Structures are given as structure tokens and as C-alpha cells.
Amino acid sequence: MYTQHDIEQMQQKGITPEMVEEQIKLFKKGFPYMRIVKPATVGDGIIKLDSDELDNLINIYRDFDGSKVKFVPASGAATRMFKHLYEFQADYPVKGLDCFNDKGFNSIYTFFDKIKQFPFYDKLYNELWMQGYKMDELIENKDYLPIINTLLGPGGLNYGNLPKALILFHKYADIARTAMEEHLVEGAQYARDQHGNVNIHLTVSPEHIAGFEQLIERVKSFYENHFEVTLNITYSVQKPSTDTIAVDMDNNPFRNDDGSLLFRPGGHGALIENLNDLSYELVFIKNIDNVAPDHLKPQTVRYKKALAGMLLSYRGIIFKYLEEFNSQSLSVDELNSILEFTRDELCVIPPASLNTSTPEELSKYLFSVLNRPIRVCGMVKNEGEPGGGPFWAVNPDGTTSLQIVESSQIDMNNPYSKAILNASTHFNPVDIVCSFVDFKGNKFNLLDYRDPQTGFISIKSKDGKQLKALELPGLWNGAMSNWNTIFVEVPLATFSPVKTVNDLLRDEHQPCK
């Protein structure tokens, strides 16, 4: 089935024919829907903290003297952020001023009407001036394309070809900051260790590493001096071995015009391998486009510290129980007390087949539940934002536990599942603190805690031909399926993603008034 050239192509990526065959089987078989039982809600899977609890958890985190890192998936391209600008670029020569009929928030009308409020306005203005244009005259004369071309194209700011991390997100009195810089500022406020080190690890695309390094070289000393920290910035790229084969609509390997196999990136779930390569005791995870300006950061910092404190608190109890397993035989009463903790606090409901009256079986079950990576995930009240949400779901091993489930993993043709989805109250903003060090100080192999049956299949196209693409289990979905998971409600103010350029006009991204 595969030519020598195919084999060599796979070997260059670190992929074997057996891996490809397993992926093709997944295309043929498909992925099962998640067996959701009910939404996680406050008091039933989601913890809501009061002010005193927040303070206590922050104090627990303050006493932590282990290693920590802020992990930021930062390879996302900004292209989709400017989707409506690219559409305008193509439509304006044909439709003219009809392009401005839509006056909604994400319209081209709003973009130009409020263009001076964008954090990159001054930079764009100066770039146009250097090209012989005056911004005001262009807008007055309805000559909009030079503005769009200069913003997006390689002859100007080149924003259409940059990752989101390198786009200016916020304007201050005398400077503007990129999304990357906002993560440096955030990290300095909640991820510094006892020695003033702030470790930040970024997953980036190979072609953009130089751009990241240039930005960091330019601003690093400024932020180090301002916050009195040492910034340690490291990078990794998505491993070629996590790419997945694409197939045609008959599930045969899709081939490019030159006859080579088409492999595609495996989605953010592939980053579990990058996460697995880190050796820190505590890891903060947050998306690159979810940052707030300085006047809104205090609440984000406060809750990040509280989430970390909660993780350390739960981990301390788990480690205590594991040490007891390791040093003595526990009575049935003691085992049932631990079972109560796993059920009521860790929200892991045992399978119906578990014999709780047999110490050996119960002990083995409890040890397996406790001895695994742990994560505390902030959850925001659902106000219509897209994204996965917190649910109770049945796992392949028969347990029921807390999972972050995407809508595409739910069978919308099943009235029961659809009703559960519609009853959900919160969604996942990707605000995670995790630890993957066991009670003996050894690192877990995160690849052992994935659920391989939680991937995604999507329909794409290449060169005018339809194809099927395979995404690996999502980083905070199936890739962390067998972790201990705790959900905590966090304020909506801690979630301010930028999905389109016009999102930068929202109050949460504008200067303090």
C-alpha cells in the first residue's frame, strides 16, 4: 500500500506505517460521542469560592517553594482574526460602499469608524506615512484598500502573516503591548518563584521562532527591571510525529499532486507531548489571546493564585493517602473513608462493578484513582461564548468523572444529550493549573492518561478536493481525560479572548477610562 517514498516521508516525521494504519482505522470507525450524564454546576461539580476561601488558598500558594512554569500555546496564526478584513479586501473593488451596509460590531464599518481606538493605530498610521499616505485623507476619500493592505501585507505591518502573540493588543499612555508581552506581565505577577524567576514556555510554529526571539530580546530587560524578576523564556514546536494522515472521502490516504502523502497537524491535543517534556512541579496553562490590560489584571492574578492554592491543597490530601497506601495495610473503614473523598471531593464515581467489601479490589481501585496527574480548571458562567464546557461523563473504565467536553463530542440527535447540553451553565475558558508529579517526586508520563477515543474528524479541502482530517484528543479534553479534575467558578472578567480584530474594541481591551 505504501511506496518506498511514503515510508521515507513517514520516517522523516517519526511516524510508522502502523501508526498511519491505526489512524485510518479511526477514520473508518469514527469516534464515539461522549456519554455525558449531566452538566457540572455550582454545588454539583463546580466549586464557588467566597472571599475568605480565596484568601486562604492564596496563602497556601504563597508558601509553595517548588518549581513552576506558565505554559502558553502560542502558535495560533492571526489570519482568522482578520477574516472580515480579507473579505473586504476582495469585495470592495466590486461592491464598493455596499460593503459598509452592515453596521454590526464585527463589521468593516465598525473597524473604520473606530480605527483610532485600535492599539496598533499609531504604528499603522506611521507605516502609511512612510509609504507616502495620510490615513485621514485615505478614509476621507474612501480609499480604504491601502490601509488594509498595509495592515495585513508583508509590505506593511504584516499582521495577516503573524501569530496572534506578536499582534499589538493593548494601548497604554505611551506604549502598546503585544499579547506576548501581556503574558510576560501576567507571569511576573503570579508565576514567579521564591528566587524571582519567571519561567514561561511557549509552543510556537518553526517559522515564527525568530519573530518571538526578536520581540523578547527587545522587551525582556524592561519587564525584568520593572517587576524585579528574571524572565526565562523557552520554546518548543509541535512534534512532526504528532501529525496525522489525511484521507479522501473513501478513507484512502490523500495524496498531493506530486504523489506524496498529505499529513496535517494533529490539533492542540498534540501539545500534550510538549507539556509532557516539561519538568516543573506546577504548571499554569492559558491561551495566547486571553489577556487583559493592567487595570483588569488584579482579579486574574488573584484567581490564578487561588486555583494554584486549591491544587496544592487537594494534592496534599492525595499525597497523604498515597503515603498511607505505601506504608501500611488499610482497614475497610479507612478505605471507605478514602473512597468517600474520591467520590465527594474528586468527583470520581466508581463503576457499578466495584466490590467495596473486598479490601484488595477497593485498595487497587483507590490507588489508581489517586495516583494520577491533577488539574484545577477555572470555569466561567456561560453567556453565549463558544467553547467546551464542564460535564459529568462516563469513562471507558466505567467510572463517571468531570470532563471538559466540546459540543462536537455530544450527539445532538439524542434528545437526552441535547437537553443536558442546553442545561449547562458554564464553559471552559482554558484557565488551568496542573501538576504531574507523583507522591514520590517522579513525573507522570502524560501520554498514559489520554483517552484515544476522543479525537475529532473534520472535512477540509485541498486543491479543490475534499478530504478528511483527524485531530488528536484535545489538550484539555481527551488528552487529560484520566486526570483528577477540579472545577472552580472564576469571574467573567478573567476571560477576555480576542477572536476577531474588532474584539480589541471591547471595553475589556480598551484603556481604563
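The values are calculated or read from the model by the stated rules, or taken from the named source; none is laboratory data. Source: prediction; values computed, not measured. Using ideal geometry, Cβ is built from the backbone for each residue, glycine included, and neighbour counts are taken over all protein chains shown. Note: areas computed on protein heavy atoms with side chains; ligands, DNA, RNA excluded. Shrake-Rupley method; radii C 1.70, N 1.55, O 1.52, S 1.80 Å.
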Above-threshold pairs, the threshold being 28 Å between Cα atoms, out of Lys116/Lys462; Lys48/Lys171; Lys114/Lys164; Lys70/Lys418; Lys134/Lys171: Lys116/Lys462; Lys48/Lys171; Lys70/Lys418
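Among 33-40, 291-298, what's the highest-first ranking by average C-beta atoms within 10 angstrom per residue? Please list the in-between numbers first.
Numbers: 33-40: 20.2, 291-298: 18.2.
Ranking the peptides 33-40, 291-298 by packing returns 33-40, 291-298.
Let me know the shape class of region 1-140, please: from the alpha-carbon gyration tensor, a ≥ b ≥ c as square roots of the eigenvalues, rounded when a/c is under 1.5, otherwise prolate if a/b is greater than b/c, or oblate. Numbers along the way, then the final one.
Working: a/c = 1.98, a/b = 1.23, b/c = 1.61.
Oblate is the answer for region 1-140, as a/c is 1.5 or above yet b/c matches or exceeds a/b.
Quick one: putting +1 on the C-beta of Lys and Arg, -1 on the C-beta of Asp and Glu, what dipole do you get for region 1-105 around its Cα centre, in Debye to the nearest 20? Don't skip to the end; give the middle numbers.
Numbers: 14 positive and 16 negative charges, 71 e Å.
In debye, rounded to 20, region 1-105 gives about 340.
Counting other Cβ atoms within 10 Å, which trypsin sites (Lys or Arg not before Pro) in region 420-459 have at most 15 and lie in a DSSP loop? Let's see the in-between values first.
Numbers: sites: Lys440, Lys443, Arg450; in loops: Lys440, Arg450.
Filter output for region 420-459: Lys440.
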The chain, relative contact order in percent, only Cα pairs under 8 angstrom and at least six apart counted: 24 percent
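Taking the radius of gyration and the Kirkwood hydrodynamic radius from Cα positions alone, what is the Rg/Rh ratio for region 369-513, to two decimal places?
Numbers: Rg = 17.8 Å, Rh = 17.5 Å.
So for region 369-513, dividing Rg by the Kirkwood Rh gives 1.02.
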CD proxy at 222 nm, helix term only [per DSSP H run n ≥ 4: -39500 (n - 2.57); per residue of the chain; nearest 500]: -10500 deg cm²/dmol
Cα gyration tensor shape of region 239-306, rounded if a/c is under 1.5, else prolate or oblate by comparing a/b with b/c: prolate
Heavy atoms of Asp431 accessible to a 1.4 Å probe, total area in Å² rounded to 10: 10 Å²
Structure-derived log10 I(q)/I(0) by the Debye sum over Cα atoms at q = 0.07, 0.08, 0.13 Å⁻¹: which label, when the choices are (1) -0.44, -0.58, -1.42; (2) -0.37, -0.49, -1.39; (3) -0.66, -0.73, -1.17: (1)
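Hey, can you find the accessible area per residue of the chain for me, probe 1.4 Å, expressed in square angstrom? Spell out each step's value before the answer.
On the way: 23150 Å² over 513 residues.
Each residue of the chain exposes 45 Å² on average to a 1.4 Å probe.
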Virtual spin-label span in nm between Ser51 and Ser407, 7 Å along Cα→Cβ: 3.7 nm
Relative contact order for region 361-513, counting Cα pairs under 8 Å that sit 6 or more residues apart, in percent: 30 percent
Filtered trypsin sites (Lys or Arg not before Pro), region 122-215: DSSP coil and at most 15 other beta carbons within 10 Å: Lys134, Lys142
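Work out the FRET efficiency for Ala77 and Asp333 from their Cβ-Cβ distance, taking R0 = 45 Å, and round it to the nearest 0.05. Walk me through the intermediate numbers first.
Details: r = 57 Å, r/R0 = 1.26.
The formula returns an efficiency of 0.20 here.
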Dipole of the chain, positive direction: furthest Cα of Gln328, Gly378, Phe120, with charges on the beta-carbon: Phe120
Region 112-126 - phi-based ³J(HN,Hα) in whole Hz, Karplus 6.51/-1.76/1.60, Gly and Pro as x: 7, 5, 10, 4, 6, 8, 6, x, 9, 4, 4, 5, 5, 4, 5
Fraction of accessible area attributable to carbon and sulfur, region 405-513 (%, probe 1.4 Å): 49 percent
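As an exercise, use a Förster radius of 56 Å and the Cβ-Cβ distance of Ser368 and Lys114 to find the FRET efficiency, rounded to the nearest 0.05.
Values: r = 55 Å, r/R0 = 0.98.
The calculated FRET efficiency here is 0.55.
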Antiparallel bridge percentage (DSSP; both residues within region 110-246; nearest 5): 35 percent
Within the chain, percent of DSSP bridges classed antiparallel, to nearest 5: 60 percent
Pair-distance profile P(r), taking every C-alpha pair of region 56-214, with 5 angstrom steps and integer %: 2, 7, 14, 17, 16, 13, 10, 7, 5, 4, 3, 2, 0
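Where a ≥ b ≥ c are the square roots of the eigenvalues of the C-alpha gyration tensor, would you call region 113-198 rounded, which needs a/c under 1.5, or, failing that, prolate if a/b is larger than b/c, or oblate? Please list the in-between numbers first.
On the way: a/c = 3.52, a/b = 2.53, b/c = 1.39.
Because a/c hits 1.5 or more and a/b exceeds b/c, region 113-198 counts as prolate.
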Pairs beyond 27 Å (Cα-Cα), from Lys68/Lys364; Lys239/Lys468; Lys304/Lys381; Lys220/Lys305: Lys68/Lys364
